[in-house]
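Here is the structure we will look at, set down as structure tokens.
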Amino acid sequence: MVLIDLFSGIGGMAGGLMDAGFEFTHHYFSEIDKHAIAVYKYRFPNAKYIGSVKDVSGRELRNSHPNGQMGCIPSARTENKVNVLTSELRIRRLTEIECERLQGFPDNHTQYGNYDGEIKKISKTQRYKQMGNAVTKKIVTIIGKKLRSSITTPTKVR
């Protein structure tokens with residue numbers, strides 16, 4: 001399967017599909033946040049970065065749209081506060097790891113990134129931002145498993 005992960009963030013879509021059993025012959029991703037790009041490159045070293053969706057023409061892709069054009073929906077940007085009410089009726093901030101777990105990622109998934117070959121630690125601020133913008137990996141896994149079962153299980157025609 002060829003995966004073109006637009007607005008890829010830190011790889012919730014790709015990771016969820018992989019957890020559902022999909023394998024990619026070619027894997028491309030598009031993102032504009034430099035920290036999210038770095039985490040994606042670190043977690044998916046075989047994926048090819050193709051730039052911003054504004055710059056994707058299709059020439060970079062294998063088997064992309066027949067006329068080489070792609071229609072895209074712009075993403076919305078929001079700032080999220082990540083707080084939780086404790087049993088002592090106090091408010092505290094969720095940790096980066098708690099946010100990763102809520103989004104279905106393994107602990108410290110966003111801790112490091114590959115910045116053009118140099119592995120660097122990601123700041124807490126950027127880790128929170130990435131979790132707020134992430135696709136929930138487990139939801140994609142559930143959808144992917146349903147897709148796989150519909151592909152491999154023939155439907156009965158009555």
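The values are calculated or read from the model by the stated rules, or taken from the named source; none is laboratory data. Every value quoted in this text rests on a predicted model; they were computed, and no experiment measured them. When we count neighbours, we look across all protein chains shown, and the Cβ atoms used for this are built from the backbone with ideal geometry, even at glycine. Accessible surface areas use protein heavy atoms only, side chains included; no ligands, DNA or RNA. Shrake-Rupley method; radii C 1.70, N 1.55, O 1.52, S 1.80 Å.
Provide the net charge surrounding Thr95, with neighbours chosen by a C-beta distance below 12 Å and charges set as Lys +1, Arg +1, Asp -1, Glu -1. Before the final figure, lay out the partial values.
Details: positive: Arg92, Arg93, Arg101, Lys124, Arg127; negative: Glu96, Glu98, Glu100, Asp107.
Combined, the nearby Lys, Arg, Asp and Glu give +1.
The phi torsions of the range 27-37, fed into the Karplus equation with coefficients 6.51, -1.76 and 1.60 and a -60° offset, translate into couplings of 9, 10, 9, 10, 7, 10, 7, 5, 6, 5, 4 Hz, rounded to whole numbers, with Gly and Pro shown as x. Only lysines eight or more places from Lys41 in sequence, or on another chain, were considered; those with a Cα closer than 27 Å are Lys54, Lys81, Lys120, Lys121, Lys124, Lys129, Lys137, Lys138, Lys145. Backbone phi angles across the range 93-105, fed through the Karplus curve with coefficients 6.51, -1.76 and 1.60 (θ = phi - 60°), yield HN-Hα couplings of 7, 5, 7, 4, 5, 4, 5, 4, 5, 4, 8, x, 9 Hz in residue order; Gly and Pro are listed as x. Listed peptides 30-38, 143-151, 12-20 appear in the order 12-20, 30-38, 143-151 once ranked by packing, highest mean of other Cβ atoms within 10 Å at the front.
Only protein heavy atoms count here; under a 1.4 Å probe, Leu94 has an accessible surface of about 30 Å². Stretching Thr136 away from Ser57 to a fully extended chain increases their span by 25.7 nm, per 0.36 nm per residue minus the current alpha-carbon distance.
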